[in-house]
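Novice: The structure follows.
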Amino acid sequence: NAGVTQTPKFRVLKTGQSMTLLCAQDMNHEYMYWYRQDPGMGLRLIHYSVGEGTTAKGEVPDGYNVSRLKKQNFLLGLESAAPSQTSVYFCASSYFEATNYGYTFGSGTRLTVV
Amino acid sequence: AQSVTQLDSQVPVFEEAPVELRCNYSSSVSVYLFWYVQYPNQGLQLLLKYLSGSTLVKGINGFEAEFNKSQTSFHLRKPSVHISDTAEYFCAVSRYNTDKLIFGTGTRLQVFP
């Protein structure tokens, strides 16, 4: 099925460990995004990409890096995980079609840093 | 920069009663507006969106929202709620010709029997 796929769905990390979250979309969307969701704070934008080979910082970029080597994939990396990065991470992609415009979200990755 | 304010963090309501979830935004340019719903332990589902045209937008599950440019609001309404509407609701905004969707902090709708 077409959509946004996030892997893994769950992960527990120890403080200081590193990991990469993968987001893949098969809709040929140009724009992709990484958000984190924390209780009472809604979704906050970490990084985003407006096309293959480009990335930009969002509201809360510190402690994260991203890469968009292929149009369909957007990777989110944590170099040295901290307990403050315990969160649910959502990836999204967006499209612009004449008078239509929208976003497709993945199902999320629940990350716990202990 | 644009921002979104959801004034009510929680809204309790009895089943079959009407409900309004409030959303205000600030932006110096025209915007697109969205409402998403998140059921427990699930991802985000689009309820409705306003891009242009009629200011009254109808969405899924009987929800509707009205865009009010003068009051910079996009309140979500449903005339009669069900237990199954219990969820968290997020208002979001993006600007024309840009690519970032900015979310409010969410409103938890709790429907009681």
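Novice: Looking at (1) within 27 Å of A:G3 (Cα to Cα); (2) more than 12 Å from chain A (Cβ to nearest Cβ), which is the one condition that is false for B:G43?
Specialist: Of (1) within 27 Å of A:G3 (Cα to Cα); (2) more than 12 Å from chain A (Cβ to nearest Cβ), only one is false for B:G43: (2).
Novice: Which one of these is touching a residue at least 40 places away in the same chain (Cβ under 8 Å), part of a loop (DSSP other than H, G, I, E, B) and surrounded by fewer than 14 Cβ atoms within 10 Å (Cβ to Cβ): B:Q42, B:Q71?
Specialist: Details: B:Q42 fails: touching a residue at least 40 places away in the same chain (Cβ under 8 Å).
Exactly one residue qualifies, and that residue is B:Q71.
Novice: To continue, here is another question. Select from the range A:13-54 the residues that are of a type in the set (S, T, Y) and buried (at least 18 other Cβ atoms within 10 Å of the Cβ) and list them in ascending order.
Specialist: A:Y31, A:Y33, A:Y35, A:Y48, A:S49
Novice: I'd like to know if the range A:2-11 contains one or more residues that are modelled with pLDDT of 95 or more, touching a Lys or Arg at 6+ places or on another chain (Cβ under 9 Å), assigned to a strand (DSSP E or B) and away from chain B (no Cβ under 14 Å).
Specialist: yes
Novice: How about the range A:43-75: which of its residues are farther than 14 Å from A:S93 by Cα, more than 14 Å from every other protein chain (Cβ to nearest Cβ) and not hydroxyl-bearing (S, T, Y)?
Specialist: A:G53, A:D62, A:G63, A:N65, A:V66, A:L69
Novice: Could you tell me how many of the residues in the range A:15-51 are over 11 Å from the mean Cα position of the chain (by Cα), among the charged types (D, E, K, R) and within 19 Å of B:Y89 (Cβ to Cβ)?
Specialist: 1
Novice: Additional query: Would you kindly identify the strands (runs of 3 or more DSSP E) lying entirely within the range A:36-114 that contain at least 1 residues that are modelled with pLDDT of 95 or more?
Specialist: Details: elements: A:42-49, A:64-67, A:73-78, A:87-97, A:100-105, A:109-113.
Fully inside the range A:36-114 and qualifying: A:42-49, A:64-67, A:73-78, A:87-97, A:109-113.
Novice: Sort out which residues of the range B:76-97 are assigned to a loop (DSSP other than H, G, I, E, B) and modelled with pLDDT of 95 or more, and write them in order of number. Walk me through how you get there before you give the answer.
Specialist: To start, the set of residues in the range B:76-97 that are assigned to a loop (DSSP other than H, G, I, E, B) comprises B:79-82, B:86, B:96-97.
Matches in the range B:76-97: B:P79, B:S80, B:V81, B:H82, B:T86.
Novice: Select from the range B:9-25 the residues that are away from every other protein chain (no Cβ under 14 Å) and in a loop (DSSP other than H, G, I, E, B) and write down the one among them that is surrounded by the most Cβ atoms within 10 Å (Cβ to Cβ).
Specialist: B:R22
The values are calculated or read from the model by the stated rules, or taken from the named source; none is laboratory data. Computed from a predicted structure; not experimentally measured. Quick reminder, even Gly has a Cβ in these numbers, built from the backbone with ideal geometry, and neighbours come from all protein chains shown.
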